[in-house]
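Heads up: the structure comes next, in structure tokens.
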Amino acid sequence: MSKRNYWVGIGLMATVLMTGAVAQASESPRITASTDVKPVNTLSTEESQAMSLAAGRILLHTDRARQAIARKDKKGALHEIEQGLTLVKIIERALPRYKVITEIKSGDTVYKTEEEVSNDYVPVFNEQYIEDIIVPVVQEKRKSHAARMKQQKHAAKKGKRHHAAMEEFSMWRLSSMKLDIRVAADALALAKNELESDRMKAADAALAALQSEGVIFEFDEVELPLSEAADNLKLAELEVDEGRISAARATLKLVSDDLKRYARMVGESRAEEVRELQEKVDKLIGSLGDEKRASGEAERIMQEIESYWKRVVKWFR
């Protein structure tokens, strides 16, 4: 047999074998897997609303506990944490549970398991407590993210920008806000232990972790300039409160740009109001050039920024 005929024969044999293997695989899979999820207990609409309200109250007590720690009020902080832990227990008892049945089979060998699991992410009901619940979480997430960005800055190489802009957590464009109840339970328990051992800073760090890591925001795809303006106004207010005047000035410049973009997207009557607010923001930016003087007027400046924020919020409503 010539070499040519030999390799042709081998090729034909391989084709036949592969075709047979594919046919066999399509007729009888060598391995199969299936997962079946069945609810064990479910919540009514009223129960779901109650659970969401409880999740929101956990965040409210968390922020109040941090405020008490800042005042060196150990007793008050412990009371707020205990309230949070009570709500955690209530939610844990009511969490919907599901039975998950998994089966994997190959030939006569079968793997099968049943387990009961719960959904640990609880939607947060926030309409009544938007400033008390969401704003502290937004601010803590921003500080946490900014700290990480600062640590990574030296690792960024020239050429491509570091993945890049500060992550946004606008309360106005989120489609849902969820609390990880397991993270909340662990963080509150740790904060309580740290407080009882008089480690105030460690307790505050545990509560901050609850706000920054225990809350999940899900956003709509479309980003609105107005939502960014609301975000940046709250951030500028925080920066003034912390004495970081130059940072607040830079943030307010972003607000001015946000308002310019928004003015181009709306009707003339609204655009006129937006331009009026933008001019006030620009005037405030100019007054922050004298940092020493601005630091002495921090309270007035914060009130002015808050009034701008309220105007922006009114446009949303």
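Just one of the listed residues (K314, K234, K283, K253) is farther than 30 Å from A70 by Cα and either surrounded by 14 or more Cβ atoms within 10 Å (Cβ to Cβ) or of a type in the set (S, T, Y) (or both), namely K253.
Take the conditions (1) modelled with pLDDT under 85; (2) under 13 Å from L226 (Cβ atoms); (3) surrounded by 16 or more Cβ atoms within 10 Å (Cβ to Cβ); M265 misses just one of them, which is (3).
Among the candidates S212, S197, the residue that is at pLDDT below 95 and under 25 Å from K72 (Cβ atoms) is uniquely S212. Applying the selection to the range 67-91, what residues are surrounded by 15 or more Cβ atoms within 10 Å (Cβ to Cβ) and either touching a residue at least 60 places away in the same chain (Cβ under 8 Å) or touching a Pro at 6+ places or on another chain (Cβ under 6 Å) (or both)? Those that are surrounded by 15 or more Cβ atoms within 10 Å (Cβ to Cβ) and either touching a residue at least 60 places away in the same chain (Cβ under 8 Å) or touching a Pro at 6+ places or on another chain (Cβ under 6 Å) (or both): I69, K74, A77, L78, I81, G84, L85, V88, I91. Within the range 97-126, residues that are in the same structural domain as N41 (by TED's automatic domain parsing) reach partners that are surrounded by fewer than 13 Cβ atoms within 10 Å (Cβ to Cβ) and not in a strand (DSSP E or B) with beta carbons closer than 8 Å, at six or more positions or on different chains, in the pairs Y98/N119; I104/I31; K105/I31; S106/R30; S106/I31; G107/R30.
Filtered by the rule that a residue be loosely packed, with under 13 Cβ neighbours inside 10 Å and in contact with a Ser or Thr (Cβ under 6 Å, 6 or more places away or on another chain), the range 102-118 gives a lone residue, T113. Just one of the listed residues (M171, M166) is under 24 Å from Q67 (Cβ atoms) and either modelled with pLDDT under 95 or outside any helix (DSSP H, G or I) (or both), namely M171. Just to be sure, is K99 surrounded by 13 or more Cβ atoms within 10 Å (Cβ to Cβ), more than 27 Å from the chain's Cα centre (by Cα) and assigned to a strand (DSSP E or B)? Answer is yes for this residue. If I filter the range 74-86 down to residues being within 12 Å of A203 (Cβ to Cβ) and not small (G, A, S), which single residue comes out as farthest from the chain's Cα centre (by Cα)? Per the criteria, the residue is K74.
Residues in the range 300-317 that are closer than 17 Å to K234 by Cβ and modelled with pLDDT of 90 or more: I301, M302, Q303, E304, I305, E306, S307, Y308, W309.
The values are calculated or read from the model by the stated rules, or taken from the named source; none is laboratory data. In this text the structure is predicted, and so the values were computed from the model without any measurement. Don't worry about glycine lacking a Cβ; one is built from the backbone with ideal geometry, like all the others, and counts go over all protein chains shown.
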